[in-house]
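Below you'll find the structure, written out as structure tokens, and then a few comments.
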Amino acid sequence: GAVVSQHPSWVICKSGTSVKIECRSLDFQATTMFWYRQFPKQSLMLMATSNEGSKATYEQGVEKDKFLINHASLTLSTLTVTSAHPEDSSFYICSAYGQGDSPLHFGNGTRLTVT
Amino acid sequence: GENVEQHPSTLSVQEGDSAVIKCTYSDSASNYFPWYKQELGKRPQLIIDIRSNVGEKKDQRIAVTLNKTAKHFSLHITETQPEDSAVYFCAAGGIPTFGRGTSLIVHP
């Protein structure tokens, strides 16, 4: 149980375009999802906490107008990287807690490359 | 906020040896401490976790110890195998803050 599905697994886009990443909880409802970013050979850094039906909570230094988060249902959160630039190239990964004392489960991640 | 320090950054052992990775945290209110294994290009996979009401937890070759007074916790892997080679992350807190990671290399 507690499967988190993320799509796409990889995407290449041109500088200036926008990219949407979807994160779904397949067998449970997630009122809260977390978006992390991981640069090569570095740790996972929390970008924002996505809350169903309300605004996301962004970590310090993360531009909310650039990384748009929408959590319109209990099973879907989306992250849109707007006006992407090469420095946004990274591994983006979402996560959510399952029911009860279930641990944090991660999606497969999305490798974003901006050319 | 929470601050997690993890050591060492790299750890090289011979197959069959034990490996120990240590983490410290700053927020005394944290009560959940998971450990994740991440292979290159893949998502982190939970390997073991511990909550603050427990001092030690073991699952086959993997064990975690927690010292809440000192605010540190450790991962112990015994009888290491080449397939244990990966990056290991500790984390602390309900919204996990991750350590920098430890690249474990097990030489056959």
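What follows draws every value from the coordinates through simple rules; no lab data is involved. Model, not experiment: these values are computed from the prediction. A quick note on method: Cβ atoms are made from the backbone with ideal geometry, for glycine too, and the neighbour counts reach across all protein chains shown.
Numbers at a glance
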| read-out | value |
| --- | --- |
| Radius of gyration and maximum dimension Dmax of the stretch B:9-91, Cα, Å | 12.8, 38 |
| Those lysines that a straight Cα-Cα span of less than 16 Å connects to residue A:55, excepting residues fewer than 8 apart in one chain | A:64, A:66 |
| Karplus-derived 3J(HN,Hα), 6.51/-1.76/1.60, for each residue of the stretch A:91-97, Hz, glycine and proline x | 9, 9, 9, 9, 7, 7, 7 |
| Sequence of B:40, A:46 once ranked by neighbouring C-beta atoms within 10 Å, starting from the fewest | B:40, A:46 |
| Phi-based couplings in Hz for the stretch B:16-33 (Karplus 6.51, -1.76, 1.60; Gly and Pro marked x) | x, 6, 9, 10, 10, 10, 10, 9, 10, 9, 10, 8, 5, 7, 4, 9, 9, 9 |
| Relative packing of peptides A:4-11, A:34-41 - highest average C-beta neighbours within 10 Å first | A:34-41, A:4-11 |
| Whole-percent pair-distance distribution, where bins are 10 Å wide, for the alpha carbons of chain A | 16, 49, 30, 5, 0 |
| Debye, to nearest 20: dipole size of chain B, +1 on Lys, Arg Cβ, -1 on Asp, Glu Cβ | 280 debye |
| Violating pairs (Cα-Cα greater than 20 angstrom) within the set B:22/B:71; B:22/B:58; A:20/B:37; B:22/B:57 | A:20/B:37 |
| For the protein assembly as shown, convex hull of alpha carbons as volume per residue, Å³ | 121 Å³ |
| Positive-end extreme of charge dipole, the stretch B:1-49 - chosen from B:28, B:4, B:46 (charges on Cβ) | B:46 |
